[in-house]
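Bear in mind that the values in this text are calculations on the coordinates, not laboratory data. Please read these numbers as outputs of a predicted model, since none were measured by experiment. Here the Cβ is made from the backbone with ideal geometry for all residues, glycine too, and neighbour counts use every protein chain on show.
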Amino acid sequence: PHYTSEQAYALRGYTAWDRTHYFEQGRAEVFDALLKSEATRMFATDPNAAAKIGFACSTIPEAEFEREREVVRNEIRAQSSAEGQFLPLLLQAIYPAGHPYARETGGNDDQIAHLTLKDACDFMAKYYTPDRAIVLIAGGVTFDDAVKGIEHYFSPIPKRVAAPRVPVPPLAPLQHVTKTVNLDVERSMVTISWALPPRNTPEGEAARFATGRVTSRLERAAHDYDFAYSVGATESIGGEFAPTFTIIIELKSIDKLEDALEFAKKAASQAYRG
């Protein structure tokens, strides 16, 4: 379809360890096209069904696939800086070799360089099934129009059995060890990581509340005692079933390391409060 600039919509996505999240934004006038683009991904997994409607993964031009593959490779190359080495090294320090979360989700340049359109289509055929999809709709459309659109584009998608997921072993409590890495970065940085319960458990929910308290306490301490430029935290390292909580502290100087560790220990010991 052709749209005016006011009606144009944006397509984006990202991949985490346990899911791929696609999201679109556009004016209500292009709501139909947004639903169609989402349904296309699952139609693309079944060439026989897709052929009846006109889409399939195989309709993607080879040249377009190769162009997008180079875009991804460029993004990976851009992360080859000293700062870009942080996450791979952290994952290797936290997770045992062979664990599904021990590697980055985007792959490396060599893997992407050898990826073919058929590889991508085969992956979609194995894993992009309706029973594993959640579709969320928000914005200036009525409930009835949303239901009508979903029924039109999604109900013809045939049911299929997806390939089994890779089992994710739980992460044992991390041993109290220190690892030092020399990188050509502007500021010294210390990270502290804890293993958390799976996020889909009551214990995991409680832990996520506690991690927020740790971060806020440490941020206040960094401001009051001036040992860090910044304090950050992330629960996005690792997936749902073996997550970790990691604090990232940019030190004022390496001499402030012991101060940072001591305040982090105090903040963690008080995480249960409240």
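Values for this structure:
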read-out: Per-residue [θ]222 nm for the chain (sum of -39500 (n - 2.57) over DSSP H runs n ≥ 4, rounded to 500); value: -12500 deg cm²/dmol
read-out: Distance from the range 102-169 to the range 252-271 (C-alpha centre basis), Å; value: 42
read-out: Other-chain or far-sequence residues with amide H under 5 Å of SER188's (modelled H); value: LEU251
read-out: Residue-wise HN-Hα coupling along the range 158-172, computed from phi with Karplus coefficients 6.51, -1.76, 1.60 (Hz; x: Gly, Pro); value: x, 6, 9, 8, 7, 5, x, 6, 6, x, 10, x, x, 9, 5
read-out: Of PHE263, PHE143, PHE209, the one that fluctuates the most in a GNM where the chain has Cα springs shorter than 10 Å; value: PHE143
read-out: Two-decimal log10 I(q)/I(0) for the chain, as the Debye equation yields it once each C-alpha is a single scatterer, q = 0.15, 0.16 Å⁻¹; value: -1.22, -1.28
read-out: Square roots of five times the Cα gyration tensor eigenvalues for the range 51-155, Å; value: 34, 21, 15
read-out: Peptides 15-27, 232-244 ordered by average Cβ neighbours within 10 Å, highest first; value: 232-244, 15-27
